[in-house]
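> Below you will find the structure I want to go over with you.
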Amino acid sequence: MRTPFFAGNWKMFKTVAEATAFANAFVEDVRGVDGVDLVLAPPFTAIHALAGATQGSRVAVASQDVYWEKEGAFTGEVSAGMLVEAGARYAIVGHSERRRLFGDSDAWVNRKARAAMSAGLVPIVCIGETLEEREAGQTFDVLDRQITAGLDGFAGSEVAGLVLAYEPVWAIGTGRNATPEQAGEAHAHIRQRLRQWFGAEAAEGCRVLYGGSVKADNIAALRGQPDVDGALVGGASLDPKSFAAIVRNGR
Ligand code: 13P
């Protein structure tokens, strides 16, 4: 059985003070909620404070990105080792906003995921098709490309330990979530490819999250799909009560 997994991606929201206040409320809200992995991904600036504020709780901290070099003349970038030292345990890589706005390619996603894992961070690798690609019937081809390129060189045992997030780009921040059937179909495809390309251990161990307009009132139906292991939540993770309700309704 895969442990359900809920991660909040705060994107470019929340100062150190706001992140700490969130943590204090959220840790209380999810006290007694067992058998789930809970992760918050703040901006880089709040990682250290959030790790401190959630210490000793079941809530772990993720970065929203990572650079693959250990150190050097790479202005603006942050290495995996630096994130570990700051208190992160997970690293989101390949979010569609990174791909679309900042040029992250599949090859970069691969290097970032590898660097994260080598440093002891669990990569949360995001994949997903645009509306144009879905309407052209290319959804599975896009997912296949993102999985093969993004996880190139990973062993089955490594894939078993990482997290994939299926986030259809057309469902992000639009209020238009994929229907449970659309999500279920994509997740089943991803699971089948993991089995085919990385083996049974990978297929059975890897958590595959759904992301895109997840709310407290649609998570239960999405989680009703057998291959949806949890959610990567944007907007609805910014309020502790709202995110805690998603965790309770979706676990
Ligand atoms: P929304 O939940 O705001 O649609 O964002 C989803 C997302 O991009 C999470 O990474």
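The values are calculated or read from the model by the stated rules, or taken from the named source; none is laboratory data. These figures come from a predicted structure and were not determined experimentally. Here the Cβ positions follow ideal geometry from the backbone for every residue, glycine too, while neighbour counts run over all protein chains shown.
Yes or no, residue by residue, for (1) within 30 Å of PRO240 (Cα to Cα); (2) touching a Gly at 6+ places or on another chain (Cβ under 6 Å); (3) crowded, with 18+ Cβ neighbours inside 10 Å:
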position	(1), (2), (3)
ALA53	yes, no, yes
SER57	yes, no, no
LEU83	yes, no, yes
ALA91	yes, no, yes
LEU101	yes, no, no
VAL109	yes, yes, yes
THR139	no, no, yes
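> Here's something else I'd like to know. Can you report the number of residues in segment 134-180 which are farther than 24 Å from ASN110 by Cβ and free of Cβ contacts under 8 Å to residues at least 24 places away in the same chain? So that I can check it myself, show each step before the final result.
The first filter runs over segment 134-180 and keeps only residues farther than 24 Å from ASN110 by Cβ, leaving 135-137, 170-171, 173-180.
Then keep just the ones that are free of Cβ contacts under 8 Å to residues at least 24 places away in the same chain; that gives 135-137, 179.
Summing the residues that are farther than 24 Å from ASN110 by Cβ and free of Cβ contacts under 8 Å to residues at least 24 places away in the same chain in segment 134-180 gives 4.
> Further question on the same structure: Counting just the residues of segment 200-226 that are surrounded by fewer than 21 Cβ atoms within 10 Å (Cβ to Cβ), over 15 Å from ASN249 (Cβ atoms) and charged (D, E, K, R), which one comes out farthest from the ligand (Cβ to nearest atom)?
My answer is GLU201.
> Another one. Which one is modelled with the highest pLDDT among residues in segment 172-228 that are among the basic types (Lys, Arg) and part of a loop (DSSP other than H, G, I, E, B)? Lay out the reasoning, then the answer.
Start the filter on segment 172-228 by keeping residues that are among the basic types (Lys, Arg), which leaves 176, 191, 193, 195, 207, 215, 223.
If we keep only those that are part of a loop (DSSP other than H, G, I, E, B) too, we end up with 176, 215.
Numbers: ARG176: 86, LYS215: 97.
The qualifying residue modelled with the highest pLDDT is LYS215.
> Taking the condition within 16 Å of the ligand (Cβ to nearest atom), hydroxyl-bearing (Ser, Thr, Tyr), at pLDDT 95 or above and touching a helix residue (DSSP H, G or I) at 6+ places or on another chain (Cβ under 8 Å), does SER63 pass? If you could, list the steps in order and put the result at the bottom.
Details: within 16 Å of the ligand (Cβ to nearest atom): yes; hydroxyl-bearing (Ser, Thr, Tyr): yes; at pLDDT 95 or above: yes; touching a helix residue (DSSP H, G or I) at 6+ places or on another chain (Cβ under 8 Å): yes.
It is true that SER63 is within 16 Å of the ligand (Cβ to nearest atom), hydroxyl-bearing (Ser, Thr, Tyr), at pLDDT 95 or above and touching a helix residue (DSSP H, G or I) at 6+ places or on another chain (Cβ under 8 Å).
> If we scan segment 91-112, do we find a residue that is touching a strand residue (DSSP E or B) at 6+ places or on another chain (Cβ under 7 Å) and farther than 25 Å from GLY184 by Cβ?
Pass one, segment 91-112, residues touching a strand residue (DSSP E or B) at 6+ places or on another chain (Cβ under 7 Å): 91-96, 109, 112.
Subsequent filtering for residues that are farther than 25 Å from GLY184 by Cβ retains 91, 112.
Yes, because at least one residue in segment 91-112 is touching a strand residue (DSSP E or B) at 6+ places or on another chain (Cβ under 7 Å) and farther than 25 Å from GLY184 by Cβ.
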